[in-house]
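The values are calculated or read from the model by the stated rules, or taken from the named source; none is laboratory data. Just so we're clear, the structure is a prediction, and the values are computed from it rather than from any experiment. FYI the Cβ positions are ideal-geometry reconstructions off the backbone, even for glycines, and counts take in every protein chain you see.
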Amino acid sequence: MTARLAVSLALTAVALAAPAGAVHPAAQTTRREVRLAVGEADAVGPWSAYIDALLRDGRLDLGAIADDTIVAGRSHQRLVQRHQGLPVFGGELVRQLAGEGVVSIFGRLYDDVVVDVSPTIEPGAAASRALALWDAIGTASADEATLGVLPTDDGRYVLVWRLQVRLPRDLRLAFVNAHSGVVEREGSMLRTQLPNIGTGGGVFGDPRKVSAAVSSQGFELRDQSRPGPMATFDFAGSPSRLLAFLQFGALFDSDIAVDGDNAWTDGVAVDAHAYQGWTYDYFFARAGRRGIDDRNGQTSVIVHPVARADAGSVDEDTRGLFVNNALYVGNRTLMFGDGDGVTFDAFAGALDVVAHEWAHGVTEYGADLLYRDEPGALNESFSDIMGASVEFFYQTPGSGRQRADWLIAEDITKTAAGYIRSMSDPISVGDPDHYSLVRFIGTSIDNGGIHINCGVPNQAYYLAVAGGTNRVSGLRVQGIGLANRERMERIFYRGFVYFLGSSSSFHDARVATIQAAVELYGSASAETTAVTDAWTAVGVL
Ligand SMILES: [Ca+2]
Ligand SMILES: [Ca+2]
Ligand SMILES: [Zn+2]
């Protein structure tokens, strides 16, 4: 066990159920959530014993274990909550270990689950109920349905079938009540650069070094120069290829981008391919991470899902998702729209955009932050933070194309603002720069404002690095300075990748990043002060 950590910090257990010997009444009218964010040595001990007891009696199950690639000798266990053997969706803890000792515990448990675990609706019927939401235009496989317990937004526990619905232009995740057939929750599995609002050389002809492989057709965009293989697939705007991919997850070697003489003329494919390699290298250099999954699994990038020439004739949803957008579609697969040429250029032409989508993959293999409300805004913010960080890693700070900055997607945005989000000044495009201004939480608008409310953690990150005064609170933050940004990148990476869980809140992100700062640089460090003051300045306490 290492030295005491973070004694003076606000590392507290929320909803303080007594950890030792906690026995709860069989039924309660209000759900009890135990939210844990403990990094202080005194608090860890009793909670750790409690968690060990839950592991022994099967209420917690050992999930993924990640070896720490930043601090030697540490590991991070994800513990999944179970109720009578079934997963409790959203119930999970992350326990940081130093050898045998527990350093920190983050996450959420549901303490009073009461639910009848015998389904009265079969998975096939559940799939039909989910498909009915979309007039049965998609497919849903009953074989892939998982039975589990869903804590609902209105405080109930319900037995649900969790299943994927494949639509012609989307992938949805649905939770169908296994007793009533009601769809209790559903949402898109696609992670995007922008909300899908239906509007809207390399790409700019600059030289790029391309890692290609020899193929029967000449050369193909298959990168074999890094430990983690990467390939770039060209759908050439073919609706049938996009449909086959969305309906069946099919990617064929015959779709890998090819060029007869290795003098590549498709700037979109070239940028997508080059920038994913740069992003791989960034994450390895900064955090020792080996690819999106940290196991060097193959990354696949898809370009030209819809041809720009078709931007005017496809329906609004298709244009908003597959032309004027960039996506992370799961399974280490990224997709970049061509842009309609009017509101956006090709999305693969912006390094921060490519890194943003890549970082959604990093999140999927770690915290897997729910893509709605506060966890969704954190998911978006982590991608923006990493997108900006990759720019600063490779480019000279400044304004204009291929310069590092605090804007998002500025190299390919052709609308008035010239960027889609700003970390230094979120309100300049209408995004909140203070917690008091978050909006659309709990609504269907942009999944609860995820591409909007990310302005708050984005501003916190910016203040922690660059320093400055928050517009709303008037609080000044002494940033650590751009020259030291590597330290804040590692703090946010550590906090978001290792400590957060699927339902983490802004408050949890504050505690997690402070914990990371203390571990890496000490409780009295300028970094810990900066990250603490930055969250306070944006109103996240
Ligand atoms: Ca830039
Ligand atoms: Ca940028
Ligand atoms: Zn995104």
Report, ordered by the first and then the second residue, all pairs with beta carbons closer than 7 Å, sequence separation of six or more or different chains, a first member in region 314-340 that is under 20 Å from Arg290 (Cα atoms), and a second member that is within 16 Å of ligand 2 (Cβ to nearest atom). Tyr328/Glu357; Leu334/Glu357; Leu334/Trp358
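Residue-by-condition table, conditions (1) in a helix (DSSP H, G or I); (2) away from ligand 1 (no atom under 16 Å from the Cβ):
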| residue | (1), (2) |
| --- | --- |
| Gly361 | yes, yes |
| Ala367 | no, yes |
| Leu370 | no, yes |
| Glu391 | yes, no |
| Ser399 | no, no |
| Ala416 | no, yes |
| Ser428 | yes, no |
| Ser436 | yes, yes |
| Ala460 | yes, yes |
Meets criteria (modelled with pLDDT under 85, within 30 Å of Asp259 (Cβ to Cβ) and crowded, with 18+ Cβ neighbours inside 10 Å) for Val214: no
For region 221-269, what are the residues that are touching a Ser or Thr at 6+ places or on another chain (Cβ under 9 Å), among the aliphatic types (A, V, I, L, M) and within 15 Å of Lys209 (Cβ to Cβ)? Leu221, Met230, Ala269
Would you kindly identify the strands (runs of 3 or more DSSP E) lying entirely within region 223-334 that contain at least 1 residues that are touching an Asp or Glu at 6+ places or on another chain (Cβ under 7 Å) and within 23 Å of Gln164 (Cα to Cα)? 326-330
Only one of Ile408, Ile452, Ile420 is of a type outside the set (Lys, Arg), more than 16 Å from ligand 2 (Cβ to nearest atom) and surrounded by 14 or more Cβ atoms within 10 Å (Cβ to Cβ). Can you tell me which? Ile452
Exclusive hit being at pLDDT 90 or above and hydroxyl-bearing (Ser, Thr, Tyr), set Thr2, Thr29, Thr12, Thr69: Thr69
When you go through (1) within 16 Å of ligand 3 (Cβ to nearest atom); (2) assigned to a loop (DSSP other than H, G, I, E, B) one by one for Leu378, which number turns out not to apply? (2)
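Looking for whichever is touching a Lys or Arg at 6+ places or on another chain (Cβ under 7 Å), modelled with pLDDT of 95 or more and not assigned by TED's automatic domain parsing to the domain that holds Val71 here; the options are Asp293, Asp317. Which one fits? Step through it out loud before you land on a result.
Working: Asp317 fails: modelled with pLDDT of 95 or more.
Only one candidate passes the filter, namely Asp293.
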Out of region 138-177, which residues are of a type in the set (A, V, I, L, M, F, W, C) and closer than 18 Å to Gly249 by Cβ? Ala140, Ala142, Ala145, Leu163, Val165, Leu167, Leu171, Leu173, Ala174
